[in-house]
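Notes follow the structure.
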Amino acid sequence: MYGRVTGVTVLGVGGHLVTVEAFVGRGLPALTFTGLPGAAVNDARDRIRPAVENSGLEWPLRRVVVNLAPGNLRKEGAGMDLPIAVSVLGATAQVPARALTGVAFSGELSLKGELLPTPGILSVAISAARAGIGAVVVPYANAMEAAQVDGLTVVAAGTLAEVAGFLKGTWKPPTVERHRPPATPATALDLAEMRGQHQARRALEVAAAGGHNLLMVGAPGAGKTMLARRLPTILPELSRDEALEVTQIHSVAGLLRGEGLLRQRPFRAPHHSVSVAGLLGGGAALLRPGEVSLADHGVLFLDEFNEFRRDALEGLRQPLEDGRVVLTRAVGSVEFPARFTLVAAANPCPCGYDGDTRRRCTCRPDRIQSYRAKLSGPLLDRIDLRLRIPRLTKEELLGSEPGEASGVVRARVHEARERQRTRLVGLGVTCNAHLPGPLARREARLDAAAERLLERAVESMALSGRGFDRGLKVARTVADLEGAQTVSETHLAEALSYRIGFGEQEGLERAG
Ligand SMILES: Nc1ncnc2c1ncn2[C@@H]1O[C@H](COP(=O)(O)OP(=O)(O)OP(=O)(O)O)[C@@H](O)[C@H]1O
Ligand SMILES: [Mg+2]
Ligand SMILES: [Zn+2]
């Protein structure tokens, strides 16, 4: 007695088809797996029999062997429950074998036989469609994810009994229609609420326009957090491909709440006590995406930047450079996308008032030194825009003049991004910040006066190779915001003004 169905295992964000074969033969009642079952699949051993029996179906009182192929691929995730259960139903002829071809199954089962919300269903659907499979059977709670994939019939079931009924032709699944949530920002935040802070608002716009990372240093209450939270309101809409990737990551993390496609750019603000695994991804058996991946195509906001653990901050270097993280464990390695804009905020010193014009800093110089040690070095080098945020004056705070609204800024950002997209086509990137370093100089297109300023700056500023490239990319973004073909002296001067240092690198601002 033999049954065969298709399941999908999700590693990282990628789905991999698994052929699940059940063989029911002579021997004492037992369920054994062969073919590299992971911890979560082994866990299913005790779950599947009660799930079948509590669904009005029969569990064979014989020896059941389930083989998972290909044998060299580790099978992870609770989504393997359903295909395993169905393979046994097939082997015992409780569902017709011909109904099991051309369809993939995924879903976690409860002991009662319910299909529970399961992480990674969007990845399951994408890989099934790619393999030419016409239909997927998934938990009702995840149906909207699967419905985002073109050319796929989605069978949404609430229980194993319904799945069996569907396969026998006695139960008709509900129709699943793809609904598209509006792309308008869900937050009520707007830059119009921000008074004054013209330089900071400008830097935020440049960051949004070119995808550049941003560090803000300033006194408590200066408005750093307020600014950072408004960055998503001026970012362009996600493209469909970006939205699919973002949704896949959130699906794998089990964070979707029945939404189909996430249309908002993510904004993640982990607390500074976050663990390395929480920030970068990890976990014991099943590797889960971390904050850097949940922020993919969006914003990763690290408030109180220098309070973060040093190893966590060090770990940001790879994703900042490559736009992805690779997690390696004994069980194997997986990769997650992690292309985000970093916004970091910090106070200039422990008391917060160093450099303030109206309040005295009470910190000892050596305390300031060690406090700033984290605001320097290789990570700082990867942050293109760095600025001091002054506290608002009394007049500014009391003034009633509203700031420019997010929608207006977003329109300019959109224009600048379109120019970049057109120019960078063929280079594999869509915005200036992601240009490979060696191409920065060629792509920047400096005019003669800008070339001369660049020469002077290289002499007077201790620019590193990376600092040099990054300065040029920001200059290119400033020019793109203006719709200029070439980078002028003014554009470059603005870009260089954002490369100030804190701590030991202080004083770099003199050149621009
Ligand atoms: N430019 C501004 N326009 C309007 N309100 C502001 C401005 N700056 C600050 N505020 C007000 O002050 C509050 C505190 O600002 P915010 O939390 O952004 O400060 P912060 O710089 O992050 O401070 P901390 O260093 O303590 O984290 C805001 O919620 C807002 O009400
Ligand atoms: Mg703050
Ligand atoms: Zn101080």
Quick one: work out the % antiparallel among DSSP beta bridges in the stretch 191-400, nearest 5. 35 percent
Tilt of helix 198-210 relative to the longest C-alpha principal axis of the chain, in degrees (0 to 90, nearest 10)? 40 degrees
Ranked by how many other beta carbons lie within 10 Å on average, peptides 121-127, 480-486, 230-236, 390-396 from highest: 121-127, 230-236, 480-486, 390-396
Quick one: Cα convex hull volume of the chain, Å³ per residue? 160 Å³
Using the Cα centre as the reference, give the magnitude of the dipole from point charges on the C-beta atoms of the chain (Lys, Arg: +1; Asp, Glu: -1; all else neutral), rounded to the nearest 20 debye. 500 debye
Env charge @ residue 26, Cβ radius under 12 Å, K,R +1 / D,E -1, value +2
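Tell me whether the stretch 217-315 comes out rounded, prolate or oblate; compute the Cα gyration tensor, take square roots of the eigenvalues as a ≥ b ≥ c, and use a/c under 1.5 as the rounded threshold. Walk me through the intermediate numbers first.
Numbers: a/c = 2.59, a/b = 1.18, b/c = 2.19.
Oblate, because a/c is 1.5 or more while a/b does not exceed b/c.
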Using a 7 Å offset from the Cα along the Cα-to-Cβ direction at both residue 459 and residue 272, what is the distance between the two label points in nm, to one decimal? 4.1 nm
Give me the net charge of residue 383's neighbourhood, meaning all other residues with Cβ under 12 Å from the Cβ of residue 383; Lys, Arg count +1, Asp, Glu -1. +4
Working from the alpha-carbon coordinates of the stretch 1-145, get Rg over Rh, Rh being the Kirkwood radius. 0.93
quick note, the stretch 2-168, DSSP beta bridge pairs, % antiparallel (nearest 5) is 55 percent
So how far apart, in nm, are the two label points at residue 408 and residue 333 if each is 7 Å from Cα heading toward Cβ? 5.0 nm
Whole-Hz couplings from phi, Karplus 6.51/-1.76/1.60, listed for the stretch 471-484; x for Gly and Pro: x, 5, 5, 5, 4, 4, 5, 4, 5, 5, 5, 8, x, 8
Tell me the angle of helix 81-91 to the major Cα principal axis of the chain, expressed in degrees between 0 and 90 and rounded to the nearest ten. 20 degrees
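Okay, helix-only estimate at 222 nm for the chain: each DSSP H run of n ≥ 4 adds -39500 (n - 2.57), divide by all residues, round to 500 deg cm²/dmol; what do you get?
Details: 21 runs with 185 residues, N = 512.
Value at 222 nm, helices only, nearest 500: -10000 deg cm²/dmol.
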In Å³ per residue, the alpha-carbon convex hull of the stretch 191-400 encloses 131 Å³
Restricted to the chain, the DSSP antiparallel beta bridge percent, nearest 5, is 45 percent
Mind checking the full-extension length gain between residue 307 and residue 175? Use 0.36 nm per residue of separation minus the Cα-Cα distance, one decimal, nm. 42.5 nm
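Throughout, read-outs are computed from the coordinates displayed, never taken from laboratory work. What you see is a predicted model; the values in this text were computed from it and never measured. All Cβ positions, glycine included, derive from the backbone under ideal geometry; neighbour counts span all protein chains shown.
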